[in-house]
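Engineer: Submitted below is the structure of interest, expressed as structure tokens.
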Amino acid sequence: MDTITIKGRAMRSVNVDWNEFYYTNCPLVSPSNVDQEIGWVREELKKIGVAYKFLRSTVENDWYPHYVHNLDNLMRFGGCFPAIHVQADIRRTRLIGTTHVYEGGCMLVRARDPIYKMRDLRGKKIGLTKSLNAIKNDWWRVQEEQGIELMLALNDMKRDDVEVVEFPYPDDWYDKPEMLAPMENPSELWLKRDHKHDLAFRPLELALLEGKVDAIYTQTGPFQHIQEQTGKIKAIENLANYPDWTLQGANVPATCTVSDVACEKHPEVIVALLKGLIKVGHWSNRHKHAAAAILDKQTYYLDVEDTYRNILNVDMVPSLSPYNLEALQINKDFMLSHGYIENDFDVYEWAAPEFLEKAAAELLDEEWTKRSKARLPQATSLDKAMSARLG
């Protein structure tokens, strides 16, 4: 692949070898985050002679492909804002699956402040982060700004009714040498950092507790429950409590994207990948508590039980449902209207359902063959059976 240049900077990644395929996950609810421990996608790709590797398993890849997809043989399953940014402004990708979690976001204030509803924030300060990294999408800020504006509108307020205070930060760690030690599995990152108590992942919390602002946005479920358990913070508004599904845009639906090059040159890889994710999704739906124990290692829910409660009604099988696609269209339109992307596109044209359909059909055929043979087994000759005997 030719080197991608973004904002005058040449991005780097491993040379493309189609005998291997890389993956990268955001720490959120997705079948890929369950599969990284189970390995069923790796099994499917191994059947066709392709090695499946985590993006950061080699020092030749820094963290940037996760955000700008500057690698042809890469699958990303993660938050939708970076994926939308890539498709709009950086390179062509294909959307091959989504999962949705109904979590629109909360407004947090200090627990002992006499603030009980959004209208109590009139004239007060709400924090808003600002990444100074021009290469990647500022997804933290997108969801904060989107959530703040929605909560104000639901309470008959406008942005002018509050003071939005920006907190710029460098956001430049993605290619620093100390962050590039190879890892075989995304969970290894959290062996080095206690992510559920690391304030680097809750950048506005200190500003709230120190009185620099009166309120901050946070994700419903993840972060919210950890922050409330400190005893210092409370939520006064929660978009997830509303029946309106169009309010649930906190960097979700999670998107599974691959490059257009991979789809055109090696569609069999994309189908094999999705076969593994579909199997993991069905397993996760049947064994939600087991899936929660795996997801708890990577996500920001309070603990395993909290993770279980929050994924109980989540369909873990990747889909391209009209509901999920329209949710992405809403998020894309917000990003365009607020200057987070420069170019428009149609989410429905971005979606590539043919790979999901073929993967599902092949799994059904394989299951039928498996069950048919179980009913009518074909005997193996004694000589052949003895040659395969172990022990």
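The values are calculated or read from the model by the stated rules, or taken from the named source; none is laboratory data. From a predicted model like this one, the values you see are computed outputs, not experimental measurements. When we count neighbours, we look across all protein chains shown, and the Cβ atoms used for this are built from the backbone with ideal geometry, even at glycine. Surface areas here come from the heavy atoms of the whole protein model, side chains and all, with no ligands, DNA or RNA. Shrake-Rupley method; radii C 1.70, N 1.55, O 1.52, S 1.80 Å.
Engineer: Under 5 Å between amide hydrogens, which residues at least 5 positions from F21 or on another chain qualify, with H placed 1.01 Å from N in the peptide plane?
Structural biologist: So F21 has HN proximity to A51, Y52, K53.
Engineer: Pick out, in residue order, every one of the trypsin sites (Lys or Arg not before Pro) in segment 3-85 that is DSSP loop and has at most 15 other C-beta atoms within 10 Å; say none if there are none.
Structural biologist: Values: sites: K7, R9, R12, R42, K46, K47, K53, R56, R76; in loops: K7, R12.
Filter output for segment 3-85: K7, R12.
Engineer: Under 5 Å between amide H atoms, partner at least 5 residues away or on a different chain: which partners does T129 have, H built in plane at 1.01 Å?
Structural biologist: Here the answer is F167, since their amide H atoms fall under 5 Å of that of T129.
Engineer: Within straight cross-link reach of K125, meaning Cα distance under 23 Å, which lysines are found once same-chain residues fewer than 8 apart are removed?
Structural biologist: Correct list for K125: K117, K158, K212, K232, K234.
Engineer: Next up: To the nearest 500 deg cm²/dmol, what mean residue ellipticity at 222 nm is calculated for the chain from DSSP H runs of n ≥ 4 alone, each contributing -39,500 (n - 2.57), summed and divided by the residues?
Structural biologist: The helix-only estimate for the chain comes to -10500 deg cm²/dmol at 222 nm.
Engineer: Another question about this same structure. Rounding to the nearest 20 debye, state how big the charge dipole of segment 46-156 is about its Cα centre with +1 on each Lys and Arg Cβ and -1 on each Asp and Glu Cβ. Before the final figure, lay out the partial values.
Structural biologist: Working: 18 positive and 12 negative charges, 49 e Å.
The dipole magnitude comes to about 240 debye.
Engineer: Let me ask something else. What helices does the chain hold that run 15 Å or longer along their axis, going by alpha-carbon atoms, with a Kyte-Doolittle average of 0.0 or more, using DSSP H for the helix calls? If you can, show how the numbers build up before the last one.
Structural biologist: On the way: long enough: 139-154 (23 Å, -0.03); 267-286 (29 Å, 0.41); 322-337 (22 Å, -0.17); 353-375 (33 Å, -1.06).
Long hydrophobic helices here: 267-286.
Engineer: Based on the alpha-carbon gyration tensor of segment 1-112 and its eigenvalue square roots a ≥ b ≥ c, which shape applies: rounded if a/c is under 1.5, prolate if not and a/b is larger than b/c, or oblate?
Structural biologist: Oblate, because a/c is 1.5 or more while a/b does not exceed b/c.
Engineer: For the chain, with only Lys/Arg (+1) and Asp/Glu (-1) charged at the beta-carbon, what is the dipole magnitude about the Cα centre, in debye rounded to 20?
Structural biologist: Magnitude of the dipole: close to 920 debye.
Engineer: Ratio to report: Rg/Rh of segment 244-348, with Cα atoms as the point set and Rh obtained by the Kirkwood method; give two decimals.
Structural biologist: When Rh is taken as the Kirkwood radius, the ratio is 1.02.
Engineer: Return the long-range amide H neighbours of I233 (sequence gap of 5 or more, or a different chain), with a cut-off of under 5 Å between placed amide H atoms.
Structural biologist: When sequence neighbours closer than 5 places are left aside, the close amide H contacts are A111.
Engineer: Tell me the carbon and sulfur percent of the accessible area for the chain, rounded to whole percent, probe radius 1.4 Å.
Structural biologist: Here carbon and sulfur together make up 52 percent of the probe-accessible area.
Engineer: Okay, moving on. Of the chain, which part is the longest with no GluC sites (Glu not before Pro) in a loop (DSSP not H, G, I, E, B) and with at most 10 other C-beta atoms within 10 angstrom?
Structural biologist: In short, 1-209.
Engineer: Leaving out ligands and nucleic acids, and using a 1.4 Å probe, what accessible area per residue does segment 86-212 come to in Å²?
Structural biologist: Per residue, segment 86-212 has an accessible area of 46 Å².
Engineer: Indicate the gyration tensor shape class of the chain (rounded, prolate or oblate), computed on the Cα atoms with a ≥ b ≥ c the square roots of the eigenvalues: a/c under 1.5 is rounded; otherwise a/b larger than b/c is prolate and the rest oblate. Show your work: numbers first, answer last.
Structural biologist: Numbers: a/c = 1.95, a/b = 1.67, b/c = 1.17.
It comes out prolate by the Cα gyration axes.
Engineer: If the elastic network links every pair of Cα atoms under 10 Å, which of T99, T129, T257 fluctuates the most in the Gaussian network model of the chain?
Structural biologist: Among T99, T129, T257, the largest GNM mean-square fluctuation belongs to T129.
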